[in-house]
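Read the structure below first, then the notes.
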Amino acid sequence: MTCKKCNSENLLKAAYCHNCGNPFTEQEREDARKKSLVGVLETADKAKEKADKISDILSMKFITDNIFVRLALIVLPFVFTMLLSSGGRDMRIVDSDEYKAYYNTTTQEYFVDTDYGTVNLVLYVPKDTSFVKTVFTTSNSTSHTGNYDISTGISIPARSGGYYTLTAMTADGTELQSIVVYTV
């Protein structure tokens, strides 16, 4: 720090000028400290801390660093997928080694491709389904082909020239949902 009386250089810690004995005020010592390398580094460090705090707020790091938030971000998508998935609500055919199922989203019909004369279908059915009613329809007739308990599985002959309508039914005979299936 520079003495204002004699312009000689002194240590930052000095209370008096080593040349003329002039006492330094606390304000002079503080101003000299701020201008020194130590003061500049302290100011830079404080500015960096403020910038880090702003960065943490903008990046929401104070939230995402929380272990409970991290666990929730991992678990919640799975929970929502399970709750909102169509597995328990919509009737649909699941692929099997015996056949390949194709779904036409435009006509909302299934096409089951098989090399066998009989197709053992694997289905997802609505929650309250007790049995599945099957009906085969051709251009000039409709015939009821059977009722299948959901615990036993559905086995239908692979026929061309028409389509099957599979209807999920409750125990009291209420229709829940139907799908149209062509066997190829």
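Which residues, taken from the range 114-136, are at pLDDT 90 or above, part of a strand (DSSP E or B) and hydroxyl-bearing (Ser, Thr, Tyr)?
114, 118, 134
Being of a type outside the set (Gly, Ala, Ser), in a helix (DSSP H, G or I) and open to solvent by less than 70 Å² (accessible area, probe 1.4 Å) is the filter here, so list the residues in the range 53-76 that pass it.
Once the filter is applied, which keeps residues that are of a type outside the set (Gly, Ala, Ser), in a helix (DSSP H, G or I) and open to solvent by less than 70 Å² (accessible area, probe 1.4 Å), the range 53-76 yields 56, 63, 64, 69.
Does residue 148 satisfy the condition of being under 18 Å from residue 108 (Cα atoms) and hydroxyl-bearing (Ser, Thr, Tyr)?
no
What is the number of the single condition among (1) within 30 Å of residue 10 (Cβ to Cβ); (2) open to solvent by 70 Å² or more (accessible area, probe 1.4 Å) that residue 28 does not meet?
(2)
Tell me which residues, restricted to the range 157-166, are exposed (fewer than 15 other Cβ atoms within 10 Å of the Cβ) and either modelled with pLDDT of 90 or more or of a type in the set (Asp, Glu) (or both). Even if it seems obvious, please write down each step before you answer.
Keep residues of the range 157-166 that are exposed (fewer than 15 other Cβ atoms within 10 Å of the Cβ), which gives 157, 160-161.
Within the range 157-166, 157, 161 qualify.
Which condition from (1) in contact (Cβ under 8 Å) with a residue 24 or more places away in the chain; (2) open to solvent by 80 Å² or more (accessible area, probe 1.4 Å) is the one that residue 49 breaks?
Unmet for residue 49, out of (1) in contact (Cβ under 8 Å) with a residue 24 or more places away in the chain; (2) open to solvent by 80 Å² or more (accessible area, probe 1.4 Å): (1).
Tell me whether the range 145-156 contains one or more residues that are surrounded by 13 or more Cβ atoms within 10 Å (Cβ to Cβ), modelled with pLDDT under 90 and among the polar types (S, T, N, Q).
Yes; the residues of the range 145-156 include at least one that is surrounded by 13 or more Cβ atoms within 10 Å (Cβ to Cβ), modelled with pLDDT under 90 and among the polar types (S, T, N, Q).
Is there a residue being exposed (fewer than 13 other Cβ atoms within 10 Å of the Cβ) and more than 30 Å from residue 128 (Cα to Cα) anywhere in the range 83-99?
Checked against the condition, which is being exposed (fewer than 13 other Cβ atoms within 10 Å of the Cβ) and more than 30 Å from residue 128 (Cα to Cα), the range 83-99 yields no hits at all.
Just wondering, is there one or more residues in the range 167-177 that are within 13 Å of residue 119 (Cβ to Cβ) and either outside any strand (DSSP E or B) or modelled with pLDDT of 90 or more (or both)?
no
Restricting to the range 31-46, what's the tally of residues that are among the polar types (S, T, N, Q) and open to solvent by less than 70 Å² (accessible area, probe 1.4 Å)? Give the steps one after another, and end with the answer.
Taking the range 31-46 as the starting set, the residues that turn out to be among the polar types (S, T, N, Q) are 36, 43.
Add one more test, that the residue is open to solvent by less than 70 Å² (accessible area, probe 1.4 Å), and what stays is 36.
Within the range 31-46, residues that are among the polar types (S, T, N, Q) and open to solvent by less than 70 Å² (accessible area, probe 1.4 Å) number 1.
I'm trying to understand the selection: among the residues of the range 115-132, which are closer than 14 Å to residue 154 by Cα, touching a Ser or Thr at 6+ places or on another chain (Cβ under 7 Å) and open to solvent by 50 Å² or more (accessible area, probe 1.4 Å)?
Scanning the range 115-132 gives 118, 120, 122.
The values are calculated or read from the model by the stated rules, or taken from the named source; none is laboratory data. Bear in mind the structure is a predicted one, so any value in this text is a computation, not a measurement. Glycine also receives a Cβ, built like all others from the backbone with ideal geometry; neighbour counts cover every protein chain displayed. What goes into the accessible areas is simple: the full protein's heavy atoms, side chains included, and nothing from ligands, DNA or RNA. Shrake-Rupley method; radii C 1.70, N 1.55, O 1.52, S 1.80 Å.
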